[in-house]
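Asks: Questions regarding the structure given below will be posed in turn.
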Amino acid sequence: MRRTVRDASAAFTRAPLLTALSITTIAFSLFAFGLFGLVALNIRAALQGVEERVEIRAFVADGTDAQSLAAAAGDIDAFPEVQSVNIVTQDQALARARTELTEFSDVFQSGVLPASIDVKLKPGYRDPATVARVSARLKSYPFVDDVRYGEDWLVQLYRLRNIAGVAGLALGLAFAAVAVIIIGATIRMAVLSRADEISIMRLVGATDGFIRRPFLLEGFAKGILGGLLALGLTWLGMHLIDRYMHFHTVFFSPAMAAAGVVAGALIGVLGSSVAVGRHLRAL
Amino acid sequence: MTAAEAVGVLRFDRVTKEYPRSGLALHEVSFRVAKGEFVFLTGPSGAGKSTILRLAYFAERPTSGLVRVSGVNSEHASRREISKLRRRLGIVFQDFRLLEDRTAEENVGFALEVTGVPRAQIGPKVSRVLTQVGLAAKATAFPRELSGGEQQRVAIARALVNDPFVLIADEPTGNLDERATRGVFQLLREINAAGTAIIMATHDLDLVRHADYRTLELNRGQIVFDSAESPEPAA
Ligand SMILES: Nc1ncnc2c1ncn2[C@@H]1O[C@H](COP(=O)(O)OP(=O)(O)OP(=O)(O)O)[C@@H](O)[C@H]1O
Ligand SMILES: [Mg+2]
């Protein structure tokens with residue numbers, strides 16, 4: 001084990017340029033993937049923020065008594081899709097309209113707005129079909145005049161979400177594949193640069209495992225270093241965007257960041273294993 | 001069969017080697033090498049000398065027939081067994097095959113390091129063989145700082161450091177001038193005198209003639225003359 005570590009670190013000191021080159025290559029391919037991931041993450045966060053605002057308003061006929069309203073609200077709250085129910089009286093509706101639409105506040109000075117039952121749905125139940133279904137159920141209450149939920153808007157939102165999802169997956173896979181290929185090629189170069197050494201090792205009787213081990217450790221170390229560097233670059237990139245474009249962005253959670261670095265290490269180890277294995281088979 | 005032949009270190013039985021593109025390199029070759037024996041392999045270029053040596057250290061497997069070296073057999077040997085066997089073989093080439101970025105002693109020590117010999121034992125073993133090949137004074141020189149003859153001595157030291165029972169040498173003097181050739185050959189004779197069997201492929205007929213060792217002559221993949229069987233050279 002000591003020798004393995006010594007050998008792997010010797011690779012760093014014997015060929016500092018090649019080592020630096022492969023770490024930077026790994027870092028930049030993971031960085032590209034990381035930036036892409038960050039964009040995808042932020043689009044998702046933004047869409048989720050919009051989705052949270054999906055709300056169904058059931059406008060109630062004038063003069064409906066508060067008791068039947070409360071009973072209906074309790075009923076609705078028990079629907080499996082429903083997250084929260086909120087009764088908005090005529091006065092509250094007016095107050096809300098005044099604050100939300102300040103430029104029209106004079107219009108609402110003396111007007112009368114209908115009371116409503118506002119329903120929010122649980123995450124995962126905010127797609128157009130479910131929203132329409134719940135709306136239909138709300139409409140079946142005799143005292144409900146009208147149900148609104150911004151149908152056109154919701155359909156658009158979902159189309160956008162689906163496009164973003166599919167494009168994200170395809171691009172993500174492409175980026176990941178490119179990263180793996182580039183990293184694999186880099187590692188293969190490192191192995192080939194030591195082809196003489198490997199063939200002499202075989203000649204004097206080193207076992208395959210013994211030959212492979214330092215390369216695996218080297219790949220692991222390069223993967224970790226490249227991953228950390230990529231993480232740092234991504235973080236820096238995000239801060240620059242935040243700072244100069246006044247764009248509020250979401251960063252990876254610590255678990256996601258750690259997963260990225262571990263992925264780098266895994267690619268390093270697997271890439272080295274494949275490269276050395278391919279090389280050894282020929283000897 | 002003499003007593004020496006009975007204790008074989010290496011044995012080929014009707015070994016045929018065929019390459020997909022260039023065809024038959026060896027055809028039904030059979031011979032044995034006894035413990036401590038010195039054998040020259042001669043013959044024109046392309047006769048199959050290097051092929052025999054590669055088969056002997058299991059860099060290749062025969063197309064048919066059987067190669068046996070110290071109990072390891074070409075039909076069943078695993079990669080691991082081959083690795084273990086090579087630790088008891090010494091292998092030397094025309095082109096030395098030293099690592100350019102390591103000193104003479106590091107090149108020799110490399111063979112011990114990568115076979116898991118404890119670090120504390122490496123130093124003494126390395127200086128013993130470097131002294132044996134006459135290069136104790138150049139232990140810290142890099143290959144580019146050594147003459148061809150000296151580089152070959154380092155390669156021989158590396159081959160000897162694991163105390164091999166047989167030394168396999170493919171034209172070890174092929175890149176050397178006459179003086180260096182004589183020096184390296186003298187070294188090989190001493191190694192053989194100390195008990196290590198040697199199989200050496202060579203083009204140098206002077207060397208073969210002046211040394212009284214067994215000679216196997218190959219032509220087109222077949223043994224056409226074995227001095228152990230008939231005293232007179234063929235044709
Ligand atoms: N790896 C290989 N692939 C295909 N053919 C090969 C290979 N190695 C050797 N041969 C063929 O096998 C034959 C014997 O080659 P070998 O190298 O054993 O000759 P040799 O006696 O060592 O010659 P030389 O004196 O020139 O070194 C040649 O015809 C050669 O073309
Ligand atoms: Mg040859």
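Asks: So what are the three principal axis dimensions of segment A:150-191 from its Cα atoms, in whole Å, longest to shortest?
Replies: Ordered largest first, segment A:150-191 gives principal extents of 60, 8, 5 Å.
Asks: Then there's this: D for the protein assembly as shown, whole µm²/s, Stokes-Einstein with Kirkwood Rh over alpha-carbon pairs at 37 °C and 0.692 mPa s: what number?
Replies: This corresponds to a translational diffusion coefficient of 110 µm²/s.
Asks: So what are the three principal axis dimensions of chain B from its Cα atoms, in whole Å, longest to shortest?
Replies: 47, 41, 40
Asks: Averaged over B:97-105, how many beta carbons belonging to a partner chain fall within 10 Å of each residue's beta carbon?
Replies: The shielding value for this peptide is 2.
Asks: Please get the size of the charge dipole for the protein assembly as shown, origin at its Cα centre, with Cβ charges of +1 on Lys and Arg and -1 on Asp and Glu, quoted in debye to the nearest 20.
Replies: Once rounded to the nearest 20, the dipole reads 1660 debye.
Asks: While we're here: When chain A is modelled as a GNM with alpha-carbon springs shorter than 10 Å, which of A:Gly268, A:Gly232, A:Gly260 fluctuates the most?
Replies: Top of the fluctuation ranking is A:Gly232.
Asks: Please compute, for peptide B:81-92, the average count of beta-carbon atoms on other protein chains lying within 10 Å of each residue's beta-carbon.
Replies: On the way: counts 0, 3, 10, 2, 1, 5, 4, 1, 3, 1, 4, 0.
Mean partner-chain Cβ count within 10 Å for B:81-92: 3.
Asks: Can you work out the FRET efficiency for the pair B:Glu145 and B:Glu229, with r the C-beta to C-beta distance and R0 = 60 Å, to the nearest 0.05?
Replies: Numbers: r = 46 Å, r/R0 = 0.77.
Computed FRET efficiency for B:Glu145 and B:Glu229: 0.85.
Asks: With runs of 4+ DSSP H residues as the only contributors, calculate the mean residue ellipticity of chain A at 222 nm using -39,500 (n - 2.57) per run, divided by the residue total and rounded to the nearest 500.
Replies: -25000 deg cm²/dmol
Asks: Here is a follow-up. Please state the equivalent ellipsoid semi-axes for segment B:99-163: what are the square roots of 5 times the Cα gyration tensor eigenvalues, largest first, in whole Å?
Replies: Sorted largest first and rounded, they come to 18, 12, 10 Å.
Asks: So what's segment A:55-148 giving for Cα Rg divided by 2.2 N^0.38 Å, two decimals?
Replies: Numbers: Rg = 13.9 Å, N = 94, 2.2 N^0.38 = 12.4 Å.
Relative to the 2.2 N^0.38 Å estimate, segment A:55-148 comes out at 1.12.
Asks: Which order do peptides B:48-59, A:70-81, A:34-45 fall in by mean Cβ count within 10 Å, highest first?
Replies: Sorting B:48-59, A:70-81, A:34-45 by mean packing, highest first, produces B:48-59, A:34-45, A:70-81.
Asks: Separate question: Roughly how many Å² is the accessible area per residue of segment A:55-148, as a whole number, for a 1.4 Å probe?
Replies: Using a 1.4 Å probe on heavy atoms only, each residue of segment A:55-148 averages 56 Å².
Asks: Of all accessible surface on segment A:173-243 at a 1.4 Å probe, what whole percent is carbon and sulfur? Write down the numbers at each step before the final one.
Replies: On the way: 2350 of 3070 Å².
Solvent-exposed carbon and sulfur of segment A:173-243 make up 77 percent of the total.
Asks: Using a 1.4 Å probe and counting only protein heavy atoms, how much accessible surface gets buried when B and A come together, both sides summed, in Å² to the nearest 100?
Replies: Separately minus together, B and A give about 1900 Å² buried.
Asks: Counting only other chains, and only Cβ atoms inside 10 Å, what mean value do you get across the residues of B:112-118?
Replies: For this peptide, the per-residue mean of nearby foreign Cβ atoms is 5.
Asks: Still on this structure: In segment B:108-148, carbon and sulfur make up what percent of the accessible area (probe 1.4 Å)?
Replies: That fraction is 56 percent.
Asks: Quick one: dipole size for segment B:99-163, taken about the Cα centre, charges +1 on Lys/Arg Cβ and -1 on Asp/Glu Cβ, in debye to the nearest 20.
Replies: It comes to approximately 160 debye.
Asks: Between A:Asp91 and A:Ala71, take the C-beta separation as r, use R0 = 25 Å, and let me know the FRET efficiency to the nearest 0.05.
Replies: Numbers: r = 21 Å, r/R0 = 0.83.
For A:Asp91 and A:Ala71, the calculated efficiency is 0.75.
Asks: Could you tell me, in Å, what Rg and Dmax come out for the Cα atoms of segment A:196-283?
Replies: When restricted to the Cα atoms of segment A:196-283, Rg and Dmax are 18.9, 63 Å.
Asks: Cα atoms only, chain A: Rg and Dmax in Å?
Replies: 29.9, 98
Asks: Then there is this: Please work out the C-alpha center-to-center distance from segment A:243-283 to segment A:1-75 and express it in whole Å.
Replies: After rounding, the separation between the Cα centres reads 16 Å.
Asks: Further question on the same structure: If you build a Gaussian network model of chain A, linking Cα atoms that sit under 10 Å apart, which residue out of A:Met245, A:Met201, A:Met189 swings the most?
Replies: Looking only at A:Met245, A:Met201, A:Met189, the largest GNM fluctuation is found for A:Met245.
Asks: Also, I was wondering about something else. Find the Rg to Rh ratio for segment B:1-137, where Rh is the Kirkwood radius over alpha-carbon pairs and Rg uses the same atoms.
Replies: 1.01
Asks: Oh, and also: Place a label point 7 angstrom from the Cα of A:Asp196 along the Cα-to-Cβ direction, then list the residues of segment B:86-125 whose backbone nitrogen is under 20 Å away.
Replies: Counting backbone N atoms under 20 Å from the label point, the list is B:91-115.
Asks: Ok, one more. Mind putting a number on the dipole of segment B:1-130 about its Cα centre? Charges go on the C-beta only, +1 for Lys and Arg and -1 for Asp and Glu, and I need it in Debye to the nearest 20.
Replies: Working: 21 positive and 14 negative charges, 67 e Å.
For segment B:1-130, the charge dipole is close to 320 debye.
Asks: Could you give the spread of the C-alpha atoms of segment B:114-200 along their three principal axes, from largest to smallest, in whole angstroms?
Replies: Ordered largest first, segment B:114-200 gives principal extents of 39, 31, 19 Å.
Asks: Next question. Based on the Cα gyration tensor of segment B:48-123, what are the three equivalent ellipsoid semi-axes, each the root of five times an eigenvalue, rounded to whole Å and given largest first?
Replies: Numbers: eigenvalues 148, 55, 13 Å².
Its equivalent ellipsoid spans semi-axes of 27, 17, 8 Å.
Asks: Something else about it: Give me the orientation-averaged projected area of the Cα convex hull of segment A:112-218, in nm², one decimal.
Replies: It is 12.3 nm².
Asks: Cut-off 10 angstrom, C-alpha nodes, Gaussian network model of chain B. Which of B:Thr63, B:Thr173, B:Thr181 fluctuates the most?
Replies: Maximum among the listed residues: B:Thr63.
Asks: Kindly report the accessible area of chain B per residue (heavy atoms of protein chains, probe 1.4 Å, no ligands, DNA or RNA), in Å².
Replies: 47
The values are calculated or read from the model by the stated rules, or taken from the named source; none is laboratory data. Please read all numbers here as calculations on a predicted model, not as lab measurements. Ideal geometry is used to build each Cβ from the backbone, glycine not excepted, and the neighbour counts take in all protein chains shown. Keep in mind that these areas ignore ligands, DNA and RNA; they rest on the heavy atoms of the full protein, side chains included. Shrake-Rupley method; radii C 1.70, N 1.55, O 1.52, S 1.80 Å.
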